[in-house]
1. Cα extents of the stretch B:337-438 along the three principal axes, largest first, in whole Å?
2. At A:Lys372, label 7 Å along Cα→Cβ: distances to the other copies, nm, ascending?
3. How many partner chain Cβ atoms sit within 10 Å of a residue's Cβ in peptide A:413-425, on average, as a whole number?
4. Can you list, shortest first and in nm, the gaps between the label point of B:Glu228 and those of its counterparts in the other copies, using a point 7 Å from Cα in the C-beta direction?
5. Could you work out, residue by residue across B:353-363, how many beta carbons of other chains sit within 10 Å of that residue's beta carbon, and then give the average as an integer?
6. Could you state the per residue volume, in Å³, of the convex hull enclosing the Cα atoms of chain B?
7. Using alpha-carbon pairs under 8 Å, 6+ residues apart, how would you state the relative contact order of the stretch B:17-105 in percent?
8. Order of B:Trp317, A:Trp328 from fewest to most other C-beta atoms within 10 Å?
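Rule-based calculations on the coordinates, nothing more; no lab input. The model shown is predicted, which means the values in this text are computed figures rather than measured ones. Please note: Cβ atoms are built from the backbone with ideal geometry, for glycine as well, and neighbour counts cover all protein chains shown.
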Number of protein chains: 2
Amino acid sequence: MDHPSPFAGALRRPLPVALADILRSRFGDRFSVAQAVRDHHGRDESPFPVTPPDAVVFAHSTEEVVEIVRACRAHGVPIIPFGVGSSLEGHLLALHGGVTIDLSQMNRVLAIHAEDLSVTVQAGVTRKQLNDELKSTGLFFPIDPGADASLGGMTATRASGTNAVRYGTMKENVLGLTVVTPDGKVVRTASRARKSSAGYDLTRLFVGSEGTLGVVTEVSVRVYPVPEAMSAAVVNFATLDDAVRAVIQTIQLGVPVARCEFLCEHTIRAINAHSHTTLRESPTLFFEFHGTEAGVREQAETVQEIMREHGGEDFEWATRPEDRTRLWNARHNAYFACLQTRAGGRAISTDTCVPISRLADSISGARAILDKASFPSMLLGHVGDGNFHALLLIDPNDPVEVEEAERMNDQIVRLALSMDGTCTGEHGVGLHKMGFLVEEAGDDAIELMRRIKHAIDPDNIMNPGKIFAF
Amino acid sequence: MDHPSPFAGALRRPLPVALADILRSRFGDRFSVAQAVRDHHGRDESPFPVTPPDAVVFAHSTEEVVEIVRACRAHGVPIIPFGVGSSLEGHLLALHGGVTIDLSQMNRVLAIHAEDLSVTVQAGVTRKQLNDELKSTGLFFPIDPGADASLGGMTATRASGTNAVRYGTMKENVLGLTVVTPDGKVVRTASRARKSSAGYDLTRLFVGSEGTLGVVTEVSVRVYPVPEAMSAAVVNFATLDDAVRAVIQTIQLGVPVARCEFLCEHTIRAINAHSHTTLRESPTLFFEFHGTEAGVREQAETVQEIMREHGGEDFEWATRPEDRTRLWNARHNAYFACLQTRAGGRAISTDTCVPISRLADSISGARAILDKASFPSMLLGHVGDGNFHALLLIDPNDPVEVEEAERMNDQIVRLALSMDGTCTGEHGVGLHKMGFLVEEAGDDAIELMRRIKHAIDPDNIMNPGKIFAF
């Protein structure tokens, strides 16, 4: 099955002058139609061509977002919420033109409820900023997708990352949201209670909705006491399969590892070049353990034993904070490190997630597919969750490579779907996975999603053309 | 603000003869209009009067549920899904008549994916049955609302219970559902992957929807390796306040306790009478610790220290399985133990949940309100989550007591709402908390919920009259 281009049938009409006048007079310099500003907001980290909105407004408050939404709605003009632009599936591209609401200046931490292990932030606060502001409290926010994404954006894509195996994803960690609905109402989706059975789970409806149901302006999330002890470890394997089987056993035994990352030998090579590390260039696992001193020691011993049984070699420790930081920085820069191995290249990233029992087959299947590729590729990911990424490093200007990459991407995704997995573990659907979502969820599930969208955004003004056809 | 009776405006019309004929000819003995069967399905554990459906069908498969839903829909007849009848807020009462689909005979464990730490069951499987069937695998299902509820029912009410402080609620533990929609389609809400960003979170939409959006027929949930070590402890306090403050500190320090239950002196007295235990009749905490041998020891020592600092006395251990079982059986029977202290009495149970920093004020506020009551009352609950129940033991035939109880219930709920808490932590809205839901969520949030309901169930045939007015 071939998927139609998400760009097909996109309809752009010029921004109504009356709307531009209203927004300009209300927001002054914070309203922009400058090409550079529009271009900056017309792309994300995906390899799609720049597709700019007609205008950008930099909002400072929920009330301002209400004003913008009401004005756009009155003119039937699309709205795209924008955080820092780190999404990977074309979520932010203005397929049908319209107004992008840039929330990056809504970057205040509104409340730190240290006693309740929760915080409330404006949607533009990034995860690193939040952790900086939490430093004096002994608390931290664990969700870590690599990029220094905004919490609004992470909410929109149901992001997760390296800590999810222990702390869960945004789904588990968002306590409540403030949302501006398409008709310009302000809805708070939940109280501050840790759990609730009070009606439909509006919070979870907006987590992962990719800006298609409203604009998230405030996010309340769980935070956690910084563990008494943390240590990290690196372990090498002769084969990808050994490494993955070692992970599977770790998870099945219920060892509460905080992080468990796989990196293939090509990824390690790219990291060594980029981060000036001297990691052995073989299939590798990075671990992190959180807990009490004794608990961390015990976890580490258990994991070391499991690794040894699966042929893990050179188990190496990083207990000093600076060594751990260097290790995880190297991991976080892996995406850019890989990109830099090919000048002018861009990456198509798969994001499949499968039941852990199928992880070895899923990864080695992807490797077999990519072994035939004419372009470089890397495998890495959050294997503790069954989630990994294949990076397909292509020349975006070479249609043959693009076509080849899309074909292999299809094969990798369909392999995961055949294992009862998902086409996207944490990146979201955006433009790129709309066809796969239909294959994965089925027509009747898509019909339910579409009915919800119609019910909440009947005029289809909220990030139109994303997730599914209206 | 007074809430109108949920029974006001209820409209019953006789079951269409044509529908009865269709269901009888298709389901034979499994279709019943016998008064005893209807009455059994017209009540739950709430103190509401029996409100029977017009007929009951005992379904054996998803396909049969499809047939029943299609037939009912064709005749515009309401449908109420029924598990074991253990809900507490009138969820199962046939306010507008109609057909109850009893799912208790859909009680097969369909798949145990031990390697993936997940299972798939039919909706009628109860939590005890599931744990019995898991025994040989070394896995267990932790969600434990006390009653031996069905997993379909637990899904519908977003249930939790004593283990939620460590393992989360049904929200966190349901991986995916099979649902029959109001138009008789079968939707599988998710793949078997541990995490996914593939479109709207249909799973979470149905978790907590109380049968108003469709019939859940299959449930996939997470299961966990049985911990290497478990121990339980009981500790007594001179005052309620001391006990609660000890809990608050335990949670704030991030000690990963598996269970943390509060029981007031009246509850303990009822338990001693019912379960022939000799617990000291003072405000009491029950704890359970899960982990490795060393981890459990360490947690227990930390908690013991915290308890001591808050005046905890007689810290008593239950490490032998039979002692732990006796303790938790006593806890689980607390509701019935309390009921039995008053012959012919029924309990109105509050279910507020507040941010943990407000827990002490919330519980002592409830105690102050109930101290003025003319009927007996008990306080107990899952205080590690900020969730507790006040049991108001009334004579359901005494309108003065009923009125007094409802008034005090109102006061306790409003106190929680004033603390940014929720009117229901785990029981759901049902009939009883519809007014409070509006107060808690606000009109605009209710409007969103209502739009979703209209979009998915436009004819309002799925458990009509529950959660909110259509």
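1. 36, 25, 22
2. 7.9
3. Working: counts 0, 0, 0, 2, 1, 0, 3, 8, 6, 10, 6, 6, 6.
For this peptide, the per-residue mean of nearby foreign Cβ atoms is 4.
4. Copy-to-copy label distances for B:Glu228: 1.7 nm.
5. Details: counts 8, 5, 10, 8, 7, 4, 2, 0, 0, 0, 0.
Average per residue, whole number: 4.
6. Values: hull volume 67.7 nm³, N = 470.
Enclosed volume per residue, from the Cα hull, is 144 Å³.
7. Values: 162 pairs, mean separation 30.8, N = 89.
Result for the stretch B:17-105 is 35 percent.
8. Details: B:Trp317 14, A:Trp328 19.
Exposure proxy ranking, most exposed first: B:Trp317, A:Trp328.
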